[in-house]
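The values are calculated or read from the model by the stated rules, or taken from the named source; none is laboratory data. Keep in mind the model is a prediction, meaning the values are calculated, not measured. Here the Cβ positions follow ideal geometry from the backbone for every residue, glycine too, while neighbour counts run over all protein chains shown.
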Amino acid sequence: MKARMEALAKMFEKLGLSPERFRIEYVSAAEGVKFADLMSEMTEQMEKLGKEKIEVENEKLRPLLERMLSKKK
């Protein structure tokens with residue numbers, strides 16, 4: 001799984017996704033506090049990026065991702 005996620009992160013970056021928007025963390029069901037902290041960190045990162053940048057990236061990536069997903073069906 002780690003190798004797949006690293007490859008996916010590289011692919012997203014090449015496609016134009018900000019690296020701050022894709023993050024892999026290992027959290028067990030017993031680590032509720034860790035999960036909450038990670039969600040708070042990600043929320044802060046998204047706020048720093050700004051809504052406009054995220055929307056622009058989403059619109060740019062949407063056709064590519066939809067095309068890739070349609071091939072999987």
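Within the stretch 2-21, being at negative phi and part of a loop (DSSP other than H, G, I, E, B) holds for LEU17, SER18. Checked against the criterion of being among the acidic types (Asp, Glu), at pLDDT 95 or above and under 19 Å from MET1 (Cβ atoms), the candidates GLU52, GLU31 yield just one match: GLU31.
When every residue of the stretch 58-72 is checked against the conditions, none turns out to be modelled with pLDDT of 90 or more and touching a Lys or Arg at 6+ places or on another chain (Cβ under 7 Å).
So that you can scan it fast, the table gives a plain yes or no per residue for (1) touching a residue at least 24 places away in the same chain (Cβ under 8 Å); (2) loosely packed, with under 12 Cβ neighbours inside 10 Å; (3) not in a helix (DSSP H, G or I):
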residue: ARG23; (1), (2), (3): no, no, yes
residue: ALA29; (1), (2), (3): no, yes, yes
residue: GLU52; (1), (2), (3): no, yes, no
residue: ARG62; (1), (2), (3): no, yes, no
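Within the stretch 35-49, not a single residue is outside any helix (DSSP H, G or I) and of a type in the set (Lys, Arg).
Number of residues in the stretch 31-40 that are surrounded by 12 or more Cβ atoms within 10 Å (Cβ to Cβ) and not hydrophobic (A, V, I, L, M, F, W, C) equals 3.
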